[in-house]
1. How much of A:Glu56 can a 1.4 Å solvent probe reach, expressed as accessible area in Å² and rounded to 10?
2. In whole Hz and in residue order, list the ³J(HN,Hα) couplings for the range A:63-69 that follow from phi through the Karplus curve 6.51 cos²θ - 1.76 cosθ + 1.60, θ = phi - 60°; x for Gly and Pro.
3. Can you give the helix-only mean residue ellipticity at 222 nm for chain A, where every DSSP H stretch with n ≥ 4 adds -39500 (n - 2.57) and the sum goes over all residues, rounded to the nearest 500 deg cm²/dmol?
4. Suppose all protein chains stay in the model; what accessible area per residue would a 1.4 Å probe give for the protein assembly as shown, in Å²?
5. In the range B:37-51, which residues have a backbone nitrogen under 15 Å from the label point lying 7 Å from B:Leu90's Cα in the Cα-to-Cβ direction?
6. In straight Cα distance, which lysines are under 30 Å from B:Lys10, not counting same-chain residues fewer than 8 positions off?
7. If R0 is 30 Å, what FRET efficiency do you get for B:Asp14 and A:Lys43 from their C-beta distance, rounded to 0.05?
8. Could you bin all the Cα-Cα distances of the protein assembly as shown into 10 Å bins starting at 0 and give me the percent of pairs in each, rounded to whole numbers?
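The values are calculated or read from the model by the stated rules, or taken from the named source; none is laboratory data. Worth saying up front: this structure is predicted, and the values here are computed from it rather than measured. As a convention, Cβ positions derive from the backbone with ideal geometry for all residues, glycine included, and neighbour counts pool all protein chains shown. Protein only, heavy atoms only, side chains kept; ligands, DNA and RNA dropped before computing areas. Shrake-Rupley method; radii C 1.70, N 1.55, O 1.52, S 1.80 Å.
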Number of protein chains: 2
Amino acid sequence: MEEHIESVGKAFVDHYYNLFDTNRPSLASLYHPSSMLTFEGQKLQGTDDIMRKLCELPFDQCLHSITTIDYQPSCFAGAILVFVSGNLQLACQEHPLKFSQMFHLIPIQGTFYVQNDIFRLNYG
Amino acid sequence: MEEHIESVGKAFVDHYYNLFDTNRPSLASLYHPSSMLTFEGQKLQGTDDIMRKLCELPFDQCLHSITTIDYQPSCFAGAILVFVSGNLQLACQEHPLKFSQMFHLIPIQGTFYVQNDIFRLNYG
């Protein structure tokens with residue numbers, strides 16, 4: 001069970017940030033109409049609003065590198081909580097930005113979608 | 001609905017860190033036998049193991065100050081996801097430590113308990 005969660009969570013994290021860095025609009029495939037994103041305190045709901053926000057971020061080229069990933073089973077059958085910390089390197093900035101992000105992944109038809117997504121830069 | 005979540009989440013966060021800083025053993029009242037804590041990558045399950053870990057942390061006096069709190073409803077009826085960033089000042093260290101922490105709060109008999117808890121220091 002624990003190995004399954006780590007395997008699913010790790011695959012999701014790799015997939016998510018790879019899409020973000022190489023083909024951001026395709027992240028739409030990971031959200032649903034019920035999905036929620038809180039991005040630096042701004043609340044968005046539904047794939048359309050979430051994708052508009054992500055695609056309108058004021059940078060084009062970026063590269064996420066992951067520092068830590070923690071996984072836990074959620075109480076909802078088969079759902080998984082994923083907690084990520086890492087660095088976000090923007091092409092337009094010299095130094096990477098540190099961030100933390102959590103995802104609540106819900107199983108559906110053999111795959112998972114993001115029901116909850118909370119992103120914060122770690123200012124310091 | 002959203003106001004309710006923020007109100008419950010804010011009250012929980014205030015209560016949690018106040019207990020942590022003033023009477024750490026009483027945090028036991030917020031966990032259940034099914035609760036999970038991942039603390040800096042170490043996995044603990046159940047109130048007893050979680051409390052042993054929290055009470056054996058290598059510092060006595062500490063003070064959490066909160067920088068940001070984000071809340072979202074979970075898909076589990078009435079449950080709430082809370083994402084916190086802040087500083088942890090230890091009496092034995094000059095500079096505060098930055099941390100991020102998430103909680104999955106589950107309603108039970110008019111109150112909430114912590115089902116999922118993930119804590120990470122933000123090194124940088």
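1. 130
2. Calculated HN-Hα couplings, in order: 9, 8, 10, 8, 9, 9, 9 Hz.
3. Helix-only estimate at 222 nm: -8000 deg cm²/dmol.
4. Here the residues of the protein assembly as shown average 48 Å² of exposed surface.
5. It comes to B:40, nothing else.
6. A:Lys43, A:Lys53, A:Lys98, B:Lys43, B:Lys53, B:Lys98
7. Using R0 = 30 Å, I get an efficiency of 0.90.
8. 7, 32, 38, 19, 5, 0
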